[in-house]
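The structure appears below as structure tokens.
Nothing in this text is a laboratory measurement; each read-out follows from the coordinates by a stated rule. Values in this document were obtained by computation on a predicted structure and should not be read as measured data. With ideal geometry, Cβ positions are generated from the backbone for all residues, glycine too; neighbour counts draw on all protein chains shown.
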Amino acid sequence: MSLMADTLTIAAVSAGLFFFLAGTVGLLRFPDTLTRLHALTKADNLGFGLIVLGLLPQSPDVASGLKLVVVWLLVQLAGASASQLIAQFASKGGPSA
Amino acid sequence: MIGSTTLYGLCATGLVAIGLYGLVLHPSPLRKVIAFNLLGSGTFILFGVAAQRGAAAGLLADPVPQAMVITGIVVAFAATAVAVALLLRLVESGGSTLEPSAPDPQDDRPS
Amino acid sequence: MSLLPDFALMLLILIAAVWTVSARDRRDSVIGFIVVGLLLSLAWIRLNSVDVALTEAAVGGGATGLLLLRACARLGPNETEGVSLKVSLRILTGVLCTVVAVALATIVLYPIEPAPTLAPTAAAHMGEIGLGNPVTVVLLAYRAIDTLLEKVVLVLALIGVWALTPDPLWGGAPGSLRAQHSSGPLTFLAQVLPPVGIVIGVYLIWNGADRPGGTFQGGTVLAAMWLLVMMADLREPPEIRLHTLRRLVVLGPVVFLVAGFAGFWIANGFLSYPPDLAKPIIVLVEAALALSIAVILGMLVAGPAARAPR
């Protein structure tokens, strides 16, 4: 049972890290604000979700597992709102660099 | 062999040096405030290193320096707020030559 | 090998710090400072100080960052080039700063043995009072006088900021915190997040007795929720002449002082609590302090009055 949980953790966290890496490469390589934002938010949301999923089997009790899920939801909410705001600022003629 | 605590201690000395450099050399007051905060952060981390080295009595780190740092961070924030308010007031009253002129202190909306 | 993450973190912190000091644009510098603050809170976790990590993330990165960004917006977009400094002066300053760094590094590399510690004394207080978080015990029992004076400093800082109000505007409200492009997503966030944030703030305060968390961290989360609502323009900053606001500002220190003086009658001196009542008294003091901290931090970010009272 614990072996299965550990395998799931390792697989999910590794996949999550891969998406983070992909998102960061996108951030560095894409030409303008909107595409960079796209790469970052899409890939990082998936990556973060996978990391939380991978950590869930390791949580000692239900309460800490629920806390992880709450953290995930809050980051989703904050990330989505922040990227919307950045995109709006960029499309209204903010710094284009 | 250097332990991780020592590594953070060295990081703190770097922060202090960088902050001090900015504090002394930057002509702009706001940049001085930021640099001073960096210097402060370095000092706080040195407290953290002392706390980590003072781990005893079954505690992971000495709680007294930790409590002092928590107090320090909040006081540093309060001091920064006063400094920024002073700076904005100075610029708005046309007393500073180093910052560009700021918009009218009155809020843009009609009251 | 196990030092690799620490080394990488240290490198990142130093690079961000150099960026903060060397960036040409004022706003870039502030963003660099926020990054340093967030990285430092990771460093605090590595130093086994989770309480400090929470404070650093909330106050050092969050609240200070918001304050500085707001100052940037009010100062205008461009950094004026100040007096151009001579290279020799730069080198001299660099050398002096390096000397300071080397002196500090010597202290770090050759510490006194055995390391001085007050942990056993703090642990003894923990047993007496029955709280599980040693940092809370130090803040509110063992060294409560420091915490009390720090609250007074916060009130004084707020008085200092308010004192900068121009005479005709005295008693009015601070300038609006409304974001430049106040819009749908921000309004949505400011409507959805505060209920959750308030629960988390209260949880941090309540939890602080036994696990990492406490008055400062919880109070800052509460302040952040209030600031978010003001930034989305759902509520305007209150006028600083309001009595309710002023009472909330001094509530924490007053409750703390009353609890402190009560120590003369119910225990053996100023700021000492009888063992069986210690926990309820500390929780009461913490609740009052957190409320005051939230109001003070919010008003410190909002700044002096910028509109005449209505």
Selected from C:15, C:205, C:107 as most flexible by GNM, with chain C as the system and alpha-carbon contacts under 10 Å: C:107
GNM top mover of C:286, C:113, C:239 - chain C, alpha-carbon springs below 10 Å: C:113
Shielding by partners, peptide C:49-59 (average Cβ within 10 angstrom, other chains): 6
Contour minus Cα-Cα distance for residue C:102 and residue C:15 (0.36 nm per residue): 29.5 nm
Partner chain coverage, peptide C:105-114 - average Cβ within 10 angstrom: 4
Loop trypsin sites (Lys or Arg not before Pro), region C:19-55 (other Cβ atoms within 10 Å of the site Cβ: 14 or fewer; DSSP): C:24
Cα centre as origin, Lys/Arg/Asp/Glu Cβ charges: chain C dipole, Debye: 760
Chain A - charge dipole about Cα centre, Lys and Arg +1 at Cβ, Asp and Glu -1, debye rounded to 20: 320
For region B:4-92: rounded, prolate or oblate by the Cα gyration tensor [a/c cutoff 1.5]: oblate
Packing-based exposure ordering (other Cβ within 10 Å, fewest first) of B:75, A:70, B:91: A:70, B:75, B:91
Amide proton proximity set for residue C:305, modelled H, under 5 Å, gap of 5+: C:165
Neighbour-count ranking [beta-carbon atoms within 10 angstrom, fewest first] of C:72, B:11: C:72, B:11
Shielding by partners - mean other protein chain Cβ count within 10 Å, residues of C:17-24: 6
Within region C:118-302: Cβ-based charge dipole about Cα centre, in debye rounded to nearest 20 (Lys, Arg +1; Asp, Glu -1): 140
Computed [θ] at 222 nm, deg cm²/dmol, the protein assembly as shown (DSSP H ≥ 4; -39,500 (n - 2.57); rounded to nearest 500): -24000 deg cm²/dmol
Gyration tensor verdict on the protein assembly as shown (Cα atoms; rounded if a/c is under 1.5, prolate if a/b is larger than b/c, oblate otherwise): rounded
Cα gyration tensor category, rounded, prolate or oblate, for region B:22-66 with a/c compared to 1.5: prolate
